[in-house]
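I have placed the structure first, in the form of structure tokens, so that the comments after it can refer back to it.
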Amino acid sequence: MSRVMADCRRFESESDCTLTIIGEEAEVVMTAAQHAEAVHGHQNTPELQQQIRDMLEPESGYVQGERQPEPFPG
Ligand SMILES: [Zn+2]
């Protein structure tokens, strides 16, 4: 199993969150959903978890330090 990444630095956010979560997909989706609820004020719903799943990147996309944020899709 390859590991995947959910990177809060990827998108601009009000809290300027710098958290990066890397692990197996199920771990990352669960942890990122809990984080999104605790820190970003989202509701931890199946829809949110699907959104997170759609935004996952391969672990190899990790960059150290600062990352240039992208506009949020949609
Ligand atoms: Zn965050």
Pairs only if they're at least six apart or on different chains, beta carbon under 6 angstrom, first in the stretch 10-39 and without any contact (Cβ under 8 Å) to a residue 24 or more places away in the chain and open to solvent by 60 Å² or more (accessible area, probe 1.4 Å), second assigned to a helix (DSSP H, G or I) and within 9 Å of the ligand (Cβ to nearest atom); list them, first residue then second. T18/R9; L19/C8
Scan the stretch 42-74 for residues that are outside any loop (DSSP other than H, G, I, E, B), free of Cβ contacts under 8 Å to residues at least 24 places away in the same chain and within 14 Å of the ligand (Cβ to nearest atom) and report the count. 2
In the stretch 40-62, what residues are out of contact with any strand residue (DSSP E or B) (no Cβ under 7 Å at 6 or more places or on another chain), open to solvent by less than 60 Å² (accessible area, probe 1.4 Å) and either aliphatic (A, V, I, L, M) or modelled with pLDDT under 95 (or both)? H40, L48
When you check V39 against the structure, is it of a type in the set (A, V, I, L, M, F, W, C) and more than 11 Å from the ligand (Cβ to nearest atom), yes or no? no
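The values are calculated or read from the model by the stated rules, or taken from the named source; none is laboratory data. Bear in mind the structure is a predicted one, so any value in this text is a computation, not a measurement. Counting neighbours? That spans all protein chains shown, and the Cβs are built from the backbone with ideal geometry, glycine included. For the accessible areas, the whole protein counts, side chains as well, though only heavy atoms, and no ligand, DNA or RNA atoms are used. Shrake-Rupley method; radii C 1.70, N 1.55, O 1.52, S 1.80 Å.
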